[in-house]
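The values are calculated or read from the model by the stated rules, or taken from the named source; none is laboratory data. Since this is a predicted model, take the numbers as computed values, not measurements. All Cβ positions, glycine included, derive from the backbone under ideal geometry; neighbour counts span all protein chains shown. When the accessible area is computed, the model is the full protein with side chains, heavy atoms only, and any ligands, DNA or RNA have been set aside. Shrake-Rupley method; radii C 1.70, N 1.55, O 1.52, S 1.80 Å.
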Amino acid sequence: MTDASSSGDRDAPADERPESATAALLDAAKRSDLGLVLGTLLVVYLAATVLTFADGLNSVVGLMRTLTFLGLVYALAALALNLQWGYAGLFNIGVAGFMALGVYTMGIVVRSPDPAFGPPGFGLPLPVGIAAGMLVAAVVGLLAALPALRLKADYLAIVTLGISEIVRLFLQSSAFDTFLRDSLGVGTGGGRGMGMPRNPVRDLFLVDGQAGTPTAFGELVFGVFGEDALGVSNSILIDWGYIAVLAAFVIAFYVLLERLGRSPFGRTLKAIREDELVADSLGKNVDLIKVKVFVIGCALMGLVGILWFGSQGNVSPTPQFMPLLTFYVFIAVIIGGSGSNTGSVLGGIVFATVLFEGPRRVGASVRDVIDAETPPSFADAVAALDPTAFLAFATDNVAPLQFILLGLILVFIMHRRPDGILGDRIETAAAVDLSERPSGGETDE
Amino acid sequence: MSSDVPDASDVADAADEVDAADAITDEPEANDSAVEEAAKHVPSGAPPLRVEGLVKRFGGVTAVDGASFEVEQGSLTGLIGPNGAGKSTTFNCITGVHEPTAGSVYFKGEDVTGLEPYRMARKGLVRTFQIARELSEMTVLENLMLAPKGQLGESAIRAVTPGLRGDVVEQEEAIRERAWETLDFFEIDHLATEHAGNLSGGQRKLLEMARALMTDPEVVLLDEPLAGVNPTLEEKLLDRIHQLREDGYTFLLVEHDMDVIMNNCEHVIVMHQGSVLAEGTGDEIRNDERVIEAYLGEDV
Amino acid sequence: MSVEEGETGDERVGESGTDETTTDETVADDPVESDGTAESDATDADAGTAHTLDGDAILRLRDLDAGYGDLQILSDVDLDVADGEYVTIVGPNGAGKSTVMKTVFGLTTYMDGTVEFEGEPIHGLAPERIIREGIGFVPQTDNVFPGLSVRENLEMGAYILDEVPEDQIEAIYDRFPILRERKDQKAGTLSGGQRQMVAMGRALMLDPDLLLLDEPSAGLAPDLVSDMFDRIDRINDSGTAILMVEQNAKEALRRCDRGYVLVNGENRYTDRGDVLLGDEDVRKDFLGG
Amino acid sequence: MGTTESSIVDSARARPGLLLVALLGGLLLVDLAAKLAGLSVGPVGGALSADRLGSNLWNGVVIGLVVGLAGIGLSMTYSILSFANFSHGDLLSTGAFTGWGVAFLIAGFGDVPVRALLSVRDAGSASAGEVGAHILSTPVAVLAGLVAAFAITAAVALALDRAFYKPMRDRDGISILIASIGAALVVRYAIQFVYGSDRRGVTASVDASNLAFGPLGLSVNAHELTIVVAAIGLMLAMHFMLQRTKLGTAMRAMADNKDLALVTGIPAERVVTATWIIGGGLAGASGYLYVLLRGTIQFDFGWLLLLLIFAAVILGGIGSVYGAIAGGLVIGIVFTTSTIWIPSDFNEAAAFAVMITMLLLRPEGLFGGVSTA
């Protein structure tokens, strides 16, 4: 990639020469959205390889799996939020709540009615659960949107945050769990959460999802990559199978949202974001369109909740659905530049890998090479007057440092690059090419 | 270049698409506009716009105080008055931005008092803004393509469903063509792919009017279309307004440049302190003592 | 102070410069004389085309270009106000009258030209500094703090002083006695005329050399307008120079020393108020010709 | 303009939601009366002792005062700087940790290493609870901590303004709001990094610290009394500052009309500085008092309180200082008395629901706050 860009740099005419090598790289990558995303993933994989190279292929592939999974789920969430915020300017900071609604509804619908296995459910098939999850997220979104969209953006933010917290507190509540059990015969599991239905991808590899009895397909995959061949564990391979599904969803979301954006609907959204009165005066029913886009976005968030947390074995309201989750997604969108779908995918990947997982991995690696005992507290680390001891403390407590970094990056972006890392990517809002006059039309003069 | 007015025949294709769209689309309002669309071709005795006893109060301040007037079919009517006479508030009450405290607004004989701006636009009454409100992050072409009524692709489902998107694309092509023709007409076709935020003040005014026309209106309310426009462009804009009038559009024009009003409008309405002070031709108005007093101030 | 750039002005204009008594004579006492002057001098085109003063001016605008953002409203505006003088700016809607005033106070986008006050360039200064220099400003609308009492509104006018100038507040109560009665009432509950008094009082707290008034009669009931103009006359009589933008051109021109007619952001005519009042061309500018 | 009665009828007709809320409120009151009287008619009524209601109300007032005190700063930054400050909750945590560090230092000086005292944690033989200060045993330490909480938080708020918000002064409210989320992360996790993430007790237990008010059946804790006195004292000081000083008047003027303040010659930056000092200081003090009430401290408690503070401020009318206090009291009382009708799992949800209902029915709040943006 570096080669390609530097040669491109040399060939470029003087007046188009970008200012620096990084700018050149960005410039080249920008011309191909797919190239940009794949290039970023490649860099991430390279870094993952460097970090875990010594531990063998299984660790390398395992880390890559974790990073890819997180990158893709954040990309999905960012895409859904981008529809609301980037396209229509609706400042929804209740993302976590809508994701929770989606995944919990799915769990309740699909789980076995037998209370012996934890909170009982309706025992319906998974597709019904997914549809129900999206529907409930959409309906709550609708209830929130109908009155709240008349409010100013900062009020909408507070209302959506409040709704997200109300959802979490209900799911957390054992009283609510009891209430549901008494009235509907289903439960949420309260603070302990609930186990998620088996991932169908697992059935692809294993008969009835049982470890040790692979299907023909599983046999094939395990045979090529598995412990006896390349040495990658079966569970990691199955996870990669799920990642393929996630990737398909990312592509589907992307295509869906691009189509929405590149249509008269997207054009109206853009107009509403810029100037509601103009859209209104040109005959667009602004309120209806805002409600529509809010509801679509919430349904997608419900789906993202299912795809993300539904694959995690167990969900619990705290800490999984704290408002912090919403802010992560926001940071992903802001990094990529709100309004751009490519930016959202890229922002999701960059956030999850570089900002979310990166510091932990790097911190752990650095800690491994420091030969010092960790002081029990910050005050002790300072009082020790020993840089090594302090570093040991810092690398052992890398999580808060990472959040501080996130905060600083957020502020920095708002100060310096409000358009995100890709800069201002204004995407065409039409279903047809607008770059030049169609040849059929008369040429002027 | 000859007069490439995007008149009814030029936009027939697009208009047909629009009618077809109205029949299918799920929004009830669109059906109204389909009805209106049909009614448009039937000559009706009622004036396109009539305002009766319009009153608008904000708290204790009465901005419009019983204004009544009519705008005739196919006319270019001027609305003038000193600052604070209530012109803008009247405009906002007609277009539905404000709900009048009292009084009525009739569009082609139908009581449309208090309808939201988008419903007024769908009925065929569109307005421009005193300070041009271009959508600066959209290109000039996108600005224009936003406006037409009954776009199939404004339904989210149609916009994304593979089988239905074909119709959307087809209609988009027709709208694009019509947008280009409108740009030609206003001689801003060279700016089509420019972001509207990069336009000069005068060009923005042209864009506003072009965009308003893309809604296929019957009555166009122009709020100071010439403010901040240089003389060359001013002439061009006025010329376009006259051409469009001949094609059957009706204009109500608020403008502070008296010469423009006197030389271009066959009928002038003067507002003062929230109500209509005088009506007549430019010469009648110019020599009306009450008007002179309203403009120069009263003896106190 | 240099006066080289003062163009060959009209003699009539130069006279009315510094003397307060002149003000009284021309404006209040002798309407007959004004009519006479109008007859003789208003020979159309050449009447009142010099926009600057020969003598000293406390406020001096030269070739001023200004507007909002990239929208230029004023082009090459020249304007002078002499010490103690009463100057009004009139003109049709959208002529840029208020823009002149806001530009003096640094509230518009300055583009080119000079704004000098008492010999010092002031464009680019923060409003806080301009107030210190001795200019007070009464905006057209929203010109009181509605949640503050009358007295607090006045106190805010003297924020830059360390101590609240009690004697000045008393002086303003003396000037507008109704404000003394209402001193603890929230300004938001006052009538339009009383609010206008609060706004003027606040702008007078620092005893400015020049008071800018943006359409003081706007929104006032007709019977209050005359009172308002009388008050402005008295403020001027006590030595404060006035630069006023007014919609009610007739009354404003009748009362002022000199008037400027602005059309399309440019100087059109400058002359003694009564002369402009009688000029047929000026009238045409308002109603189109 | 009609008579008052007809305008009430009109507004009820125009706003059915309001009517609904009024009916619901009336129903709850009837139910409450029935419960107190020990009557039970179908779903209405039940049993409720006056003692329990009394202690619920008292607890509500105490929490409400703390929330209201915190809301003052949030309201001020909203009205004067025109943005919803999402880092305000973490200023509460800042005040609590720094203030309690100082209180510990004074209470436990000599017995425990200074570095442990300043980081509000146990060391060696002494647990945090044992070092813990108490208003009856170590009144000086508790009061000094309060002062320190105010001062240090004010300094932190000012530093945040200079670093994060000042460069964005002319930007739109949403951009600054997003930056404030970033600032919140920085502050919250800096606290975690320095003080650790564990929840720990801070107040000592002292015998006979409850004062009983026999006739009312109320048992009032000495710390609750301290909080009420301190919070009301700070509110009165705030009231005096706003009403009687030039700076306070200038703050109200800025909140009323920023453009006019500019042309009047009010130095905006100086007023902004004062706003951060006072708003931040009050946030720090309220965080400190909240910990005095709860007895435990944890790095993210301020953040968790933020929505309640927003609820209070919105209820009172965002931008109005007095509204924030009144809103705080309402939220506090809703928070504690809602347990009469619903499980205590939902008391926070009830407070948010009240806020959301308020926003939907009367976005300007009970007292019609300042409209910005």
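Give me the percent of DSSP beta bridges within the protein assembly as shown that run antiparallel, rounded to the nearest 5. Expressed as a percentage, antiparallel bridges in the protein assembly as shown total about 60.
Tell me whether chain D comes out rounded, prolate or oblate; compute the Cα gyration tensor, take square roots of the eigenvalues as a ≥ b ≥ c, and use a/c under 1.5 as the rounded threshold. Could you put the intermediate results ahead of the total?
Details: a/c = 1.99, a/b = 1.10, b/c = 1.82.
Because a/c hits 1.5 or more and a/b fails to exceed b/c, chain D counts as oblate.
Based on Cα atoms of the protein assembly as shown, Rg over Rh with Rh as the Kirkwood radius reads 0.99. Average accessible surface for the stretch D:238-277: 36 Å² per residue, computed with a 1.4 Å probe over protein heavy atoms with every protein chain in place.
Sorted largest first by accessible area at a 1.4 angstrom probe radius, with every protein chain in place, the residues A:Val286, D:Val140 fall in the order D:Val140, A:Val286. The apolar share of the surface of the stretch A:34-369, taken as the fraction of accessible area on carbon and sulfur atoms (1.4 Å probe, ligands and nucleic acids excluded), comes to 69 percent.
Chains A and D together bury roughly 4100 Å² of accessible surface, counting both sides and using a 1.4 Å probe on protein heavy atoms.
How much of the accessible area of the stretch D:235-373, probe 1.4 Å, is carbon plus sulfur, in whole percent? Mind showing how you got there, number by number?
Working: 2750 of 4200 Å².
Solvent-exposed carbon and sulfur of the stretch D:235-373 make up 66 percent of the total.
Close amide H partners of C:Val164, meaning residues 5 or more places away or on another chain with modelled amide H under 5 Å apart, do not exist here. If I build a Gaussian network model for chain D, linking alpha-carbon pairs within less than 10 angstrom, which residue out of D:Gly196, D:Gly233, D:Gly38 has the largest mean-square fluctuation? Among D:Gly196, D:Gly233, D:Gly38, the largest GNM mean-square fluctuation belongs to D:Gly38. Of the DSSP H helices in chain D, those that are both long (alpha-carbon extent of 30 Å or more along the helix axis) and hydrophobic (Kyte-Doolittle mean at least 0.5) are D:16-37, D:50-81, D:139-160, D:173-195, D:222-244, D:268-294.
Translational diffusion coefficient, Stokes-Einstein: compute it for the stretch D:217-373 using the Kirkwood radius over C-alpha pairs as Rh, at 4 °C and 1.567 mPa s, and state it as an integer in µm² s⁻¹. Answer, rounded: 75 µm²/s.
Charge dipole (Cα centre; +1 on Lys/Arg Cβ, -1 on Asp/Glu Cβ; no other charges) of chain A amounts to roughly 1220 debye.
For the cross-link pairs A:Lys284/B:Lys236; A:Lys152/B:Lys149; B:Lys87/B:Lys205; C:Lys183/D:Lys246; A:Lys152/D:Lys246; A:Lys152/B:Lys87, the ones whose C-alpha atoms lie over 26 Å apart are A:Lys284/B:Lys236; A:Lys152/B:Lys149; A:Lys152/D:Lys246; A:Lys152/B:Lys87.
Take peptides A:406-413, B:101-108 and line them up by average Cβ neighbours within 10 Å, highest first, as a rough protection proxy.
Details: A:406-413: 20.5, B:101-108: 18.1.
Output ranking for A:406-413, B:101-108: A:406-413, B:101-108.
Once the partner protein chains are put back, the stretch C:147-161 shows a loss of at least 40 square angstrom of accessible area, versus the chain by itself, at C:Leu148, C:Glu152, C:Met156, C:Tyr159 (probe 1.4 Å, ligands and nucleic acids excluded).
Per-residue SASA remark: A:Asp419, around 70 Å² accessible (1.4 Å probe; ligands, DNA and RNA not included).
The mean count of C-beta atoms from other chains within 10 Å of the C-beta of residues in A:381-394, rounded to a whole number, is 1. What residue among D:Gly319, D:Gly25, D:Gly145 has the largest mean-square fluctuation in a Gaussian network model of chain D, using Cα springs under 10 Å? Ranking D:Gly319, D:Gly25, D:Gly145 by mean-square fluctuation puts D:Gly25 first.
Among the residues of the stretch D:171-190, those with an accessible-area drop of 40 Å² or more from chain alone to full protein complex, heavy atoms and 1.4 Å probe, are D:Arg171, D:Ile174, D:Ile178, D:Ile181, D:Leu185, D:Val186, D:Tyr189.
In terms of the ratio Rg/(2.2 N^0.38 Å) built on C-alpha atoms, what value belongs to the stretch C:59-120?
Values: Rg = 11.3 Å, N = 62, 2.2 N^0.38 = 10.6 Å.
Normalised Cα radius of gyration, the stretch C:59-120: 1.07.
How would D:Thr245, A:Thr268 rank on accessible area, largest to smallest, probe 1.4 Å? Numbers along the way, then the final one.
Numbers: D:Thr245 45, A:Thr268 5 Å².
Ranking D:Thr245, A:Thr268 by accessible area, largest first, yields D:Thr245, A:Thr268.
For chain A, the residue among A:Ile130, A:Val350, A:Gly39 whose Cα projects farthest onto the positive side of the dipole built from Cβ charges is A:Ile130.
Taken across both chains, chains D and C shield about 1800 Å² of accessible surface from a 1.4 Å probe.
Where a ≥ b ≥ c are the square roots of the eigenvalues of the C-alpha gyration tensor, would you call chain A rounded, which needs a/c under 1.5, or, failing that, prolate if a/b is larger than b/c, or oblate? Rounded, because the longest to shortest axis ratio a/c is under 1.5.
Put a plus charge on the Cβ of each Lys and Arg, a minus charge on the Cβ of each Asp and Glu, and nothing anywhere else: the dipole of the stretch D:46-361 about its Cα centre is then about 620 debye. For the chain pair B and A, the interface hides roughly 4000 square angstrom of accessible area in total, found with a 1.4 Å probe.
Helix-only mean residue ellipticity at 222 nm, the protein assembly as shown, DSSP H runs n ≥ 4 weighted -39,500 (n - 2.57), per residue, nearest 500. What is it? The partial results should precede the final answer.
Numbers: 61 runs with 783 residues, N = 1407.
Estimated from H runs of four or more residues: -17500 deg cm²/dmol.
Evaluated on the stretch A:195-343, the Kirkwood hydrodynamic radius is 18.7 Å, with distances taken between all distinct Cα atoms.
Counting partner chain Cβ atoms within 10 Å of every residue's Cβ in C:66-74, what's the average? Walk me through the intermediate numbers first.
Numbers: counts 0, 2, 2, 1, 2, 7, 2, 2, 0.
Mean shielding count: 2.
Would you rank D:Asp90, A:Asp371, A:Asp154, C:Asp174 by solvent-accessible area, highest first, keeping every protein chain in place and using a 1.4 Å probe?
On the way: D:Asp90 0, A:Asp371 145, A:Asp154 20, C:Asp174 100 Å².
Sorted descending by solvent-accessible area, the residues read A:Asp371, C:Asp174, A:Asp154, D:Asp90.
Taking the Cα centre of the stretch D:16-169 as origin, sum charge times position over the Cβ atoms of Lys and Arg (+1) and Asp and Glu (-1), and report the length of that vector in debye to the nearest 20. Could the numbers behind the result be given before it?
Numbers: 7 positive and 7 negative charges, 79 e Å.
I would put it at about 380 debye.
Classify the stretch B:57-114: rounded, prolate or oblate, from the alpha-carbon gyration tensor (a ≥ b ≥ c, eigenvalue square roots; a/c under 1.5 rounded; otherwise prolate if a/b is larger than b/c)? Oblate is the answer for the stretch B:57-114, as a/c is 1.5 or above yet b/c matches or exceeds a/b. Computed with a 1.4 Å probe over protein heavy atoms only, the accessible surface of chain A comes to 41 Å² per residue. Measuring with a 1.4 angstrom probe and ignoring ligands and nucleic acids, B:Val71 comes out at about 0 Å² accessible.
Only counting protein heavy atoms at a 1.4 Å probe, give the residues of the stretch B:186-201, ordered by number, whose accessible area falls by 20 Å² or more when the other protein chains are present relative to the chain alone. Flagged in the stretch B:186-201: B:Asp189, B:Thr193, B:His195. Taking the dipole about the Cα centre of the stretch A:34-369, with the C-beta of Lys and Arg at +1 and of Asp and Glu at -1, give me whichever of A:Met106, A:Leu142, A:Ile289 is farthest to the positive side. Final value for the positive-end residue is A:Ile289. For the stretch D:46-361, the antiparallel share of DSSP beta bridges with both residues in that region comes to about 90%.
What net charge do the residues around C:Ile160 carry, taking every other residue with its C-beta under 15 Å from that of C:Ile160, with Lys and Arg at +1 and Asp and Glu at -1? Write out the running numbers ahead of the final one.
Working: positive: C:Arg129, C:Arg132, C:Arg202, D:Lys246, D:Arg270; negative: C:Glu128, C:Glu133, C:Glu155, C:Asp162, C:Glu163, C:Asp207, D:Glu269.
Taking every Cβ under 15 Å from that of C:Ile160, the sum is -2.
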